[in-house]
1. Per DSSP H run of at least 4 residues, take -39500 (n - 2.57); add these up for the chain, divide by its residues and hand me the 222 nm value, nearest 500 deg cm²/dmol.
2. Any idea of the accessible area per residue across the chain, 1.4 Å probe, to the nearest Å²?
3. Can you tell me how much longer the chain between GLU34 and LEU97 gets when fully stretched, taken as 0.36 nm per residue apart minus their C-alpha distance, in nm with one decimal?
4. Suppose every Lys and Arg Cβ carries +1 and every Asp and Glu Cβ carries -1, with no other charges. What dipole size does the chain come out with about its Cα centre, to the nearest 20 debye?
5. What accessible surface, in Å², does a 1.4 Å probe find on VAL231, ignoring ligands, DNA and RNA and rounding to the nearest 10?
6. Would you work out the charge dipole size for region 83-200 about its Cα centre, treating the Cβ of every Lys and Arg as +1 and the Cβ of every Asp and Glu as -1, and quote it to the nearest 20 debye?
7. What's the carbon and sulfur percent of region 2-242's accessible surface, probe 1.4 angstrom, rounded to a whole number?
8. Going 7 Å from the Cα of ARG62 in the Cα-to-Cβ direction, what parts of region 114-153 have a backbone nitrogen less than 19 Å from that spot?
Amino acid sequence: MKLFCFPYAGGLPGIYYSWKSRLPPTFLEIDAFEVRPHIPQPNRDVFLPTSFYELLEDVCDRITPALAETPFAFFGHSMGGLVAFELTRKLMQKGALLPQHLFLSASRAPHAYGKLAKTYHLPHDEFVEALRKLGGTPDDVLENQELLELFLPILRADFQAVQTYEMNPDLPRQVPVNMTVLYGTEDTIALEDIWAWRDYCQGACQFFPVSGGHFFIHHQTSSILEIIQNVLKEEKTVAIHSSF
């Protein structure tokens, strides 16, 4: 099986590169998918969608050819979890192959995004301070003016896409895919907005607390990979037994 992994807002797929060497390749292939395919370039304008569904359309177009190669699952952290869920709804609409499992990490249920404070339009210094408080953006970036000039447009675009997101009522609300929801024990996301994922899942929906705040993904790799392996192995075992 292939596991497509989607990063958080402003995140690069490199956060998943170390996973490739920590899982048996015969069991699971990791594909760190780049939500925004444009590498920042000095003095070069790039198109950065600020609408979530415009961003999703681009992701869907780029990932669809790879979905017919092997059974697959999705993993997404924070905004990446919303991408994974909405991409599944988009594939349902198209009558395409669906993931065999959704792993949603540090991601609130879709209706809860309306609670997010709007920070994407803040002046430079205030926006940088908001990033610092949130965590996730390395200090090496926040304290380097040249790096900031490269990455701030991407961060603002991602934040605007998430902070202005509204669930499209024309797509199915629930997905016929089993879900595993991981959440940080010290995250600021309200637990009610985590448990609410049950309302978006037609299959089994299970929850795993992980020690840490919103960006526990950087500190709890072993725990996360253990959960992924155990869940997929259990589903495979159930599938084998049900075939007899």
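1. Details: 7 runs with 89 residues, N = 244.
So the helix-based figure for the chain works out to -11500 deg cm²/dmol.
2. That works out to 49 Å² per residue.
3. 20.7 nm
4. On the way: 19 positive and 29 negative charges, 146 e Å.
So the magnitude is around 700 debye.
5. 10 Å²
6. My answer is approximately 760 debye.
7. 51 percent
8. Only 150-153 fall inside the zone, counting backbone N under 19 Å.
The values are calculated or read from the model by the stated rules, or taken from the named source; none is laboratory data. Since the structure is predicted, the reported quantities are computational estimates derived from the model, not experimental observations. In this analysis, Cβ positions are derived from the backbone assuming ideal geometry, glycine residues included, and neighbour counts consider all displayed protein chains. For accessibility, only protein heavy atoms count, side chains too; no ligands or nucleic acids. Shrake-Rupley method; radii C 1.70, N 1.55, O 1.52, S 1.80 Å.
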